[in-house]
Amino acid sequence: MDLTEQFAQMATGGMYDDLTPELLEARTRAVLATNVYNASYGRPSPERESLLKEVVGSAGEGANFEPTFRCEFGRNIHLGARFFANFDCVMLDGAPIVIGDDVLIGPKVGLYTSNHALDLGERIAGGCWARPITIGNGVWIAGGVTVLPGVTIGDGAVIGGGSVVTKDVPAGAVFAGNPGRVLREITENDRTGYTSTR
């Protein structure tokens, strides 16, 4: 089975062989590409944006990771415009990770679409499964958050630091904890009157 067929199978959420030579090679390519991208920190934005587009499936204008960024394959990551991730972001993209515009991600955040088989024999044989992660527009994910397979985070949601996101988060909600839960809705009372000086 070629790599395109393997990724198609992975996207269905069924079990796949994580140890095929094609997937191992694809991971190696992703590590090498992210090394080049991470080493470009401090260079002009257009150069970095061009390098990022060689790592991920697609990236909107102004998308940026602070070093160090790591991904499993890269090709299943789709970033909106003005996306920003702080230091040490990890994305396991066995299934698609689709992120909207104006998303902020704090340091040491992990987005994990894939998981190993529970059965010992299947796990040793390379059995894995993956479910997509979708993050809406204007989401803020604070530092130390873990987002697990199959989660959708709605537009404008805020995920509190250190949270483990195991279920969908509605739009406009503050979500926190381990395991995480909706704490409250974001309302007009959250406005401080701040305006940009730009």
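The values are calculated or read from the model by the stated rules, or taken from the named source; none is laboratory data. What you are looking at is a predicted structure, and each value in this text was computed from that prediction instead of being measured. All Cβ positions, even for glycine, are placed from backbone atoms using ideal geometry, and neighbour counts span all protein chains on display. Side chains included, ligands, DNA and RNA excluded: accessible areas come from the protein's heavy atoms. Shrake-Rupley method; radii C 1.70, N 1.55, O 1.52, S 1.80 Å.
Observations, loosely collected:
- Solvent-accessible surface of the range 113-198, averaged per residue with a 1.4 angstrom probe and all protein chains in place: 58 square angstrom.
- Couplings 3J(HN,Hα) of the range 148-153, computed from phi: 9, x, x, 8, 10, 10 Hz, in residue order, whole Hz [Karplus 6.51 cos²θ - 1.76 cosθ + 1.60, θ = phi - 60°; x for Gly and Pro].
- Of 163, 45, 114, the one that fluctuates the most in a GNM where the chain has Cα springs shorter than 10 Å: 45
- Taking every C-alpha pair closer than 8 Å and separated by at least 6 residues, the mean separation divided by the residue count of the range 103-151 gives a relative contact order of 55 percent.
- Carbon plus sulfur fraction of accessible area for the chain, probe 1.4 Å, in percent: 56
- For residue 166, the solvent-accessible surface computed with a 1.4 Å probe is close to 70 Å², ligands and nucleic acids excluded.
- Overall size of the chain from C-alpha positions, given as principal axis extents largest first: 56, 40, 22 Å.
- Compared with the dominant Cα axis of the chain, that is its longest principal axis, helix 45-55 is turned about 40°.
- Relative contact order of the range 79-198, defined on C-alpha pairs under 8 angstrom at six or more residues apart (%): 18
- Kirkwood analysis of the Cα pair distances in the range 128-196 returns a hydrodynamic radius of 12.4 Å.
- Remark on residue 59: its backbone amide H falls under 5 Å from those of 79, a criterion applied only to residues 5 or more positions apart or on other chains, H modelled at 1.01 Å from N.
- Paramagnetic reach from residue 22 (point 7 Å along Cα→Cβ, amide N under 17 Å) across the range 78-101: 94-96
- Rounded Å value of the spacing that divides the Cα centres of the range 1-33 and the range 65-143: 15
- In this structure, the amide hydrogen of residue 152, modeled 1.01 Å from its nitrogen in the peptide plane, lies closer than 5 angstrom to those of 134, 168, 169, counting only residues at least 5 positions away or on a different chain.
- Residues whose amide H lies under 5 Å from that of residue 173, counting only those 5 or more places away or on a different chain, are 157, 158, 186; hydrogens are built 1.01 Å from N in the peptide plane.
- Spread of Cα-to-Cα distances over 10 Å intervals beginning at zero, given as percent, for the range 101-151: 24, 40, 22, 13, 1
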